[in-house]
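The values are calculated or read from the model by the stated rules, or taken from the named source; none is laboratory data. Worth saying up front: this structure is predicted, and the values here are computed from it rather than measured. Neighbour counts are summed over all protein chains in view; Cβ atoms, including those assigned to glycine, are modelled from backbone coordinates with ideal geometry.
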Amino acid sequence: MTYSIIGRCARTGRLGLGITTFSLAVGGRCEGVAANVGICKTQAFPNRTNDPLAIGLLAQGHLPVRVMAMLAANDSEHDYRQIAIMDREGRIAAHTGSGTRGWSGHRIDGDCVAFGNGLVGPQVLAGLIAGFSARPDEALEHRLMRALEGGRDAGGQGDATGHRPERSAAIKVVDRVDYPEIDVRVDVHATAVEELRRVLEEFKAYEEFYRQRGRDPARAIPQDLFAKQLEARRAGRPS
Amino acid sequence: MTFTLLARCPKSGQIGIGIATYSICVGLYCNGLRGNVGATMSQAFVNQGNNALALRLLEQGLAPARVLDELIANDPDSAYRQIAVIDRRGEAVAVSGAKTRGWSGHRIGAGYVAMGNVLAGPKVVEAMAEAYEAAADLAFERRLLAAIEAGRDAGGQAGNEGPLAERSAAVVVCGHHDHAELDLRVDLHDKAVDALRSAFEEYEPYRDYYRERGRNPRQAIPQYQFAENLRRRRREAAQ
């Protein structure tokens, strides 16, 4: 039981993944996010070797649909996997195996693919896509955040016996550099999507400071001073 | 303002990092571990290109000392960086740049580096190294956790105006696979080392379940049921 979205920003070409689930520490199992290559996420009953293999195949130049065919041929339990793949040009392939449990499905819509299993119904995918599409002018990480909130508000995970809480969540965004630009996580929490919003907002307040501190260390102010100034700005006081 | 234990486990050959810092979302920067290759971490004023470069150089066969030389030669601001590099045999090197701030230093041991900057003093690095060595009988990830807990207990970070909280922390372990065997994070918290320990203890019983669920999906019980069973076992154990 998980719901996820892979999206591409048409303006910048940045790629990103937003994911949340009942499972703990899902962000620690999202290695298929590669700058200048693409994204692959395998979930439901995940085959952990799928995502690195898919990234390698995408990097060699295969189309997502071909990568999916190779993942299928390489895995005797492909029917139990749910997989979405997007390359750096935004081409998408998705697979929801018949062995995945609960309400399970995927939907491709323009620059994104929403996919999930163990959900209350297709309205969760609609919520993900509506959230992603609501503000196309925003940075990709914010659009992915809105998508997860849209999925949660549409009912998220559950079945006839009840709702299943989001216990972990993550957003990753890559651009052209070797490391992720955004990589925020909540690993163990009772309401992980709310907590992820809090982490993302806080990280965005520090993002430029962290980047500049690395690029131009001679001019960097101490971080505790930056934190104090940030607090003062938020309180509307001169720092 | 960060304290870190980077190591190769002499028993399992795994590589790993335990890290805690005042900065938020530090796990984002821990992209320097790759099974069968080695481990590296750049901190203080982070050059975010360093880890990816170091891994590629290790992969090409350069010794850790040569990798470190190149990271320094490749960076006009190298004096602001604190860097550790360990190869898959456990050969370890480190540098604490002259312009890193506060008390800054490292200790190199057999297959590990303890390092930090803006610390309460050398005792923090020494405590990490001693705790890591003393925990030789524990699982590798528990040794890494013990090291950063010892660093915290020895005073942790100290800025110009006193002690600095650990606001984020992470523990990552890679073995022979293309994906991490453990990748746990706390991105934004008042006591991130404590929160990381409780996240780890919560996650630990799920690890085998997650692994087996992917390998043998047909036999997997629903996770909600697994969580329920776990709760019951814990209740019984507490009685």
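Could you list, in sequence order, all residues of the stretch A:31-54 that are among the hydrophobic types (A, V, I, L, M, F, W, C) and surrounded by fewer than 24 Cβ atoms within 10 Å (Cβ to Cβ)?
Correct list: A:Val33, A:Ala34, A:Ala35, A:Val37, A:Leu53.
Just wondering, is there one or more residues in the stretch B:36-49 that are without any contact (Cβ under 8 Å) to a residue 24 or more places away in the chain and either more than 10 Å from chain A (Cβ to nearest Cβ) or not in a strand (DSSP E or B) (or both)?
yes
Any chance the stretch A:207-219 includes a residue that's touching a helix residue (DSSP H, G or I) at 6+ places or on another chain (Cβ under 6 Å) and buried (at least 18 other Cβ atoms within 10 Å of the Cβ)?
yes
Between a residue in the stretch A:67-92 that is closer than 15 Å to A:Lys41 by Cβ and any residue that is among the β-branched types (Val, Ile, Thr) and assigned to a helix (DSSP H, G or I), which pairs come within a Cβ distance under 8 Å, given they are 6 or more apart or on different chains?
The qualifying pairs are A:Ile85/A:Val67.
Only residues that are more than 12 Å from chain B (Cβ to nearest Cβ) and buried (at least 18 other Cβ atoms within 10 Å of the Cβ): list them for the stretch A:77-95, please.
Listed by number, the residues that qualify are A:Ile83, A:Ala84, A:Ile85, A:Met86, A:Asp87, A:Arg88, A:Gly90, A:Ile92, A:Ala93, A:Ala94, A:His95.
State whether one or more residues within the stretch A:192-201 are buried (at least 18 other Cβ atoms within 10 Å of the Cβ) and not in a helix (DSSP H, G or I).
no
(1) more than 9 Å from chain A (Cβ to nearest Cβ); (2) within 30 Å of A:Gly102 (Cα to Cα); (3) free of Cβ contacts under 8 Å to residues at least 60 places away in the same chain: which one isn't true of B:Glu181, the others all being true?
(3)
Looking for something more than 12 Å from chain A (Cβ to nearest Cβ) and either crowded, with 20+ Cβ neighbours inside 10 Å or of a type outside the set (Gly, Ala, Ser) (or both) - is there at least one such residue anywhere in the stretch B:193-202?
Taking every residue of the stretch B:193-202 in turn, at least one turns out to be more than 12 Å from chain A (Cβ to nearest Cβ) and either crowded, with 20+ Cβ neighbours inside 10 Å or of a type outside the set (Gly, Ala, Ser) (or both).
Scan the stretch B:69-98 residue by residue and report those that are under 22 Å from B:Gly27 (Cα atoms) and part of a helix (DSSP H, G or I).
Within the stretch B:69-98, B:Leu71, B:Ser78, B:Tyr80 meet the criteria.
Out of A:Ala169, A:Ala147, I need the residue that is part of a helix (DSSP H, G or I) and more than 9 Å from every other protein chain (Cβ to nearest Cβ). Which one?
None of the other options fit; the residue is A:Ala147.
Taking B:Leu62, is it under 20 Å from the mean Cα position of the chain (by Cα), assigned by TED's automatic domain parsing to the domain that holds B:Gln14 and closer than 27 Å to A:Arg215 by Cβ?
no
Can you tell me which of B:Gly13, B:Gly18 is of a type outside the set (A, V, I, L, M, F, W, C), more than 11 Å from chain A (Cβ to nearest Cβ), touching a residue at least 60 places away in the same chain (Cβ under 8 Å) and at positive phi?
B:Gly13
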